[in-house]
Structure formats: C-alpha cells, structure tokens
Amino acid sequence: STMRKRETTDSPHSSTDLSEGKEKLRLKQEVGLISGVSLIAGTMIGSGIFMSPEWVLHHMGSPASSLLIWAVCGLLAMFGALSYAELGTIIKESGGEYIYILRTFGSFPAFLFAYTSVILVRPAGLAAVCLSFAEYAVAPFYPGCSSPQVVVKCTAAACILLLTIINCLNVRLATSIMNIFTAAKLLALLVIVVGGLVLLAKGQTQSFQNAFQNTTAGIGAVGVAFYQGLWSYDGWNNLNYVTEELKKPEVTLPRAVMIAIPLVTCLYLLVNVSYLAAMTPSEVLSSGAVAVTWGWMLCCELFKKKKVLGRWAWLISLSVALSTFGSSNGTFFSGGRVCYIAAREGHMPDILSMAHVRCLTPSPALLFTSAMSLIMIISGSFTSIVNFFSFIAWLFYGMTISGLLYLKIKKPELPRSYKVPIIIPIIVLMASVYLVLAPIIDQPQIEIFYIVLFIFSGIILYFPLVHFKCHPRFLRRVTLHLQLFLEVAPTTRDAN
C-alpha cells in the first residue's frame, strides 16, 4: 500500500540496546498549546524581520510592493501550516516533511530529504540564525564600524554550543526558554510598532506617497524577494517535527497554527510600516542592520538629541540579539528531531536514533546537528545561506504538499480530526513550484546546480547503505562504544 506500515519492532541492531529487558525509552509529551504557539511564533520571529526588509525592498523596488510581499508570505505560511496540520493529524509521528514523504512516497525520496536536511538544510538554517544573532550581539562593542568576522563567527559558534547544552539537558528547559524569549521578542516588536505609529501620527508618511513607483516586475526578482520574506516566516512547520511530543496533537497542532501565524503576520506588517515611517526607502536600502537604524532615526525624530542615540542603538541591538537567540533555540529544537526520526527509520546511523537514559532527549542527533552547523558557520554568509536554504526548503515543501493532495484524493477514508479545503494545498503547491522555478528561469545561478547535484549525490549512499544494508562490521562496535560514552539507548515510538 502507499501508506507504509509502521514497524513496531526495535532497531535491527538489537545488540546495541542497553535497555533490553527493561521498559523502553520514549520521548516525553511535554509540549502543550502555549509551548506550541511559542515554538512556532518564537522560531518565526528571529533574525528575518530585522534583516530581510531591506532585501525585500531591494528586489521589489517600492514600499507598497514590498509590503504586499510580506502579506502574501504570511498568507502562504498560513496555508502551508494548515495543510501540514491535516498531515499531522493523519500521520501522528514526529519528523515533519521527512515522515510525511516516507509514509506517502516511500523510502528513496524520504532518504534524499533526510540526507539533504540533516547534512545541509537544517544546519544551514541554524547557522544563518546564529550568525545574525552574533552580528547584533557584538555590534555594541564596535560602534561606528563593522564587527570583525572572526568575532562574529566565534560568537555564533558559542551560541550553538550553548543551545546544544540546553537542549541535551531537558526538553522542559528548552521549551521554557522558548516561552520566555517569545514573550520578550513580542514585546520588542510591539515597541517598534508603537514607535512607528507615533511617527505616523506626527505626519511621517513620505515613504507611502507614490508607494508603487519603481516596482520590479521580473519573475526572478519577485521570487528572490519571496525567498527573503519567507525566510522571516520560516518555522511555520516546526510543530510537525515534534508531533510525538505534543499533548493531544490532534487538537494542539491546528490550534497553535491558527493562533501563532496570524499574530506573526500582523506584527511583521506593522513592523515594516514602522521601518518605512522612520526611514525613507533609500535609507532602508543602505542600512546594514535595519532595526538599529530604525532606533537611531526614531530618537532623532522624538528626542532631537544626538547624545541618546548610542543608548538606543545598544537597546535595539540587545533586543534583536535576544529575539534571534530564541529563534535559534526553536530551530535547533526541531532540527535535531529530523535527524533522530530519520535514524529511527534506518536512514541514518543507529546512534542518532537514541535518547539519553536520564534526560530523555535525543542528544546524539542534537550533537550531530550542532557539529554540522559549526561547519556551516565557518564557510557561509547570511544572505547566501538564506537564498539557497529557501530553494531547497520549498522544493521539499512542494513534495510534501503533493503527498497531502494524494492522500485527500486516493485515501479519503483515513481517520483525521482536521481537514483543510483542497484549494489551500493546491495554492501552496503552485507557489512552491513558482518559488523553485522562477529564480532558475529568470536568473540561473551555478550554485543551484551544485545544490541539485548534492541532493542526488545521496543515491550513492542510499543503495549500498539503506537498500542493500551493506553495513561495515566495525560500525556496530563504534555504536556500542558511543552508547556507553553518551549514556544513550534505543527508543520506541508512541504506539498510538
């Protein structure tokens, strides 16, 4: 059958099971509605809203068209999340796109996704968020000049190591940090919104006169603008990565989506209006850190005193750094689960499917994700990572949504507690096809060819290691020693 039957047995390498004869390990269901909303909103609100507005405006050419892109991105994120909510109530397993592709299309495409996501996409996304955190965190120490790249990258690496410790220790600790930082970043965005409304009330509306003038019409430029905008909304699907850790997932998943994404969309639109109220489009485009520039402009207008500018710049930098740290925590929390679930299904080394015997966290998968992210930090930059991350992400989003359409048409009898109108996943699928093809057609880049080549290089590993199960004998011994060293053991999925 198309829906692959779940295996209820343990890992085939039972010799490495330290919990033999005892109660099996299982990740706890610690994520409720509030934590679910925080995971979605807290991950979405990160570096994007503080760094992407200038790039969206750059590619679109006019304030009104850039605001339109932000609104459409929010609508698309909402449609995608609602579609994923139905998938999450049909297939109640963690792993997001990976598990949905596996259950609908089979092992080979699921392996390609896991291979690309675990090695490239998730570590790259985490690296980009941590790099932006580092940019804002060190900015106050280098007033009037750009921060040294070695300092920025070392700070980003320290952020990843701290997140690794937090997420390996306790799931409840990680979700509590998400809740706290989500509340803090919502407060920071509200400050920006209120400041913008004050400026509008004082008559600062120059940016909104002839607002559509100089709008770009090229499909490639619009596609790249969508990449930058959608980067700020990335995280709308994060709750699907931890479905097995949700309390009442059939209720929590749809409700959290319907609360978090409209809230974030409204805030993003108001924040962009605030930026344009404080700055002209040319000032936005020339700003390296638009939120910090906004603080300077607001002070100039409200206080007319230059001596307070440094103080405001420090506060804005701190707010953005805290916001981005919270987002990176959510990205790390969900990203490690993809690696963990893929290993549990036999698509990654067995050690990555295990959990700590006391902390009950997938610590090997988290450590692996951390190591790959550190490599990305050494070699990557924020803008390049965002564009290529978005290309790969929407390629697999489209595949996942096509799986939902298949299930709605061919398997309508499958039990589900929530159904999305079929027109919504159709719109998301059309958008994903556009976002993948538009930049290739209009502005082809050799880097995209390299990405596609990397995805299909997984074929070299799939057939010997997964299909034919040609596992070198020494790997079992390595797995055993790593189990003892890391104090981990195999886990079982929830029988429900």
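If the condition is being touching a Phe, Trp or Tyr at 6+ places or on another chain (Cβ under 8 Å) and of a type outside the set (S, T, N, Q), then region 152-170 contributes Ala156, Cys159, Ile160, Leu163. Taking the criterion of being among the aliphatic types (A, V, I, L, M), buried (at least 24 other Cβ atoms within 10 Å of the Cβ) and either in contact with a Lys or Arg (Cβ under 6 Å, 6 or more places away or on another chain) or modelled with pLDDT of 90 or more (or both), the residues of region 53-85 that qualify are Ala77, Ala81, Ala85. Exactly one residue out of Gly96, Gly125, Gly88 is open to solvent by less than 10 Å² (accessible area, probe 1.4 Å) and in contact with a Pro (Cβ under 9 Å, 6 or more places away or on another chain): that is Gly88.
Restricting Leu120, Leu163, Leu112 to those that are touching a residue at least 24 places away in the same chain (Cβ under 8 Å), open to solvent by less than 10 Å² (accessible area, probe 1.4 Å) and touching a helix residue (DSSP H, G or I) at 6+ places or on another chain (Cβ under 8 Å) reduces the list to Leu163. Taking the listed residues Phe50, Phe113, the one that is at pLDDT 85 or above and either assigned to a helix (DSSP H, G or I) or within 25 Å of Ser317 (Cα to Cα) (or both) is Phe113, with no other qualifying. Taking region 462-479 as the range and being at pLDDT 90 or above and open to solvent by 70 Å² or more (accessible area, probe 1.4 Å) as the test, only Phe463 passes.
Residues that are among the charged types (D, E, K, R), at least 2 per element: which helices (runs of 4 or more DSSP H) completely within region 416-496 meet that? Helices (runs of 4 or more DSSP H) meeting the threshold: 473-486.
Annotation note: of Thr252, Thr243, the sole residue that is more than 17 Å from the chain's Cα centre (by Cα), assigned to a helix (DSSP H, G or I) and on the phi < 0 side of the Ramachandran plot is Thr252. Count of region 237-282 residues, restricted to those that are of a type in the set (Ser, Thr, Tyr) and free of Cβ contacts under 8 Å to residues at least 24 places away in the same chain, is 1.
Each residue in region 480-496 was checked for being under 22 Å from Ala114 (Cα atoms) and surrounded by fewer than 17 Cβ atoms within 10 Å (Cβ to Cβ), and 2 pass. Taking Ile451 as the residue in question, decide whether it is farther than 16 Å from Met348 by Cβ and open to solvent by less than 100 Å² (accessible area, probe 1.4 Å). Judged against the criteria, Ile451 is a match.
The values are calculated or read from the model by the stated rules, or taken from the named source; none is laboratory data. None of these values were measured; they are calculated from a predicted model. Heads up, the Cβs are rebuilt from the backbone with ideal geometry, glycines too, and the neighbour counts pull from every protein chain shown. Accessible surface areas use protein heavy atoms only, side chains included; no ligands, DNA or RNA. Shrake-Rupley method; radii C 1.70, N 1.55, O 1.52, S 1.80 Å.
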